[in-house]
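Throughout, read-outs are computed from the coordinates displayed, never taken from laboratory work. Only a predicted model underlies this, so the values are computations on that prediction, with no experimental measurement involved. Note: ideal-geometry Cβ built from the backbone for every residue, glycine included; neighbour counts use all protein chains shown.
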Amino acid sequence: MRRPGRRSTGVAALVAAVLSTSGCGFLDAVAHPEAAPVPPVSSADGTVAPAAPPVRYPVPLAAATLTGGRAAGSLTVSVDRVRTGIGPSIPQLADDCGLDTTAVQTVPVVLTFETSSPLAGGLAAHLTVTPGPGTPAGTGPIGVFFEPATADETYCPDAPLLPTTDSFHARGTPRVTGYVVLDRAVTAATPQGRDDVLRTLQARISDLRLRTDADVEQPLSVGAVTQGEVCPDDPDALCVPLG
């Protein structure tokens, strides 16, 4: 997780307002959007099966209701297209973390919290991404990043180690986007990246709460889960695979 600190790189500070099925197959389409549509397939009796519909992004991973005090709303967690050889759109990240962005794969994770009535404050939480039981050995480091909320935030204080957890506070917007980065994904042996690794990673959304600009917080509980699962060790956290 990043922590505040004085910038030492001389890079101009970026002040940005934060923005927002499982199944092993969808990340292939996410990672290779340029692939041609699957043609119709003729069966033995001459009938033609319809072509698969195009993938629509973001692709939902989890959906649940959240409640706390007088607050109530619905949370959706989705992933956008995988970016191969492109890092997150955070200018200072490569310098802070020592990343060669041409060698990474980036998965945008979009969190959207919608309510039926205006609320004071915005959604805050932690996103953690770790290897899963099927993750191959010897993969590159995994990092999780949200855009900075203040000008003096420093990423990767323990570089070259990447943080596997980052937090966010969605100020004045229902949507926030975080970035999961797989380092050393693009190599001479794997020029297309490591989709086999991405689809095995596990995401955890925890410490869900509403937070005002005055740092007053209201914890949120997970209610009905219509997609994904609550974490085995925490009924108020969501645990889902990225692929």
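Numerical summary
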read-out: Backbone N under 17 Å from the residue 89 label point (7 Å along Cα→Cβ), restricted to segment 128-169; value: 145-149
read-out: Spin-label model distance (nm) - residue 102 vs residue 74, 7 Å beyond Cα toward Cβ; value: 4.5
read-out: Cα pair count fraction exceeding 19 Å, expressed as % - segment 61-190; value: 53
read-out: Convex hull volume of segment 112-243 per residue (C-alpha atoms, cubic angstrom); value: 145
read-out: Pair residue 51, residue 196: separation of 7 Å Cα→Cβ label points (nm); value: 3.0
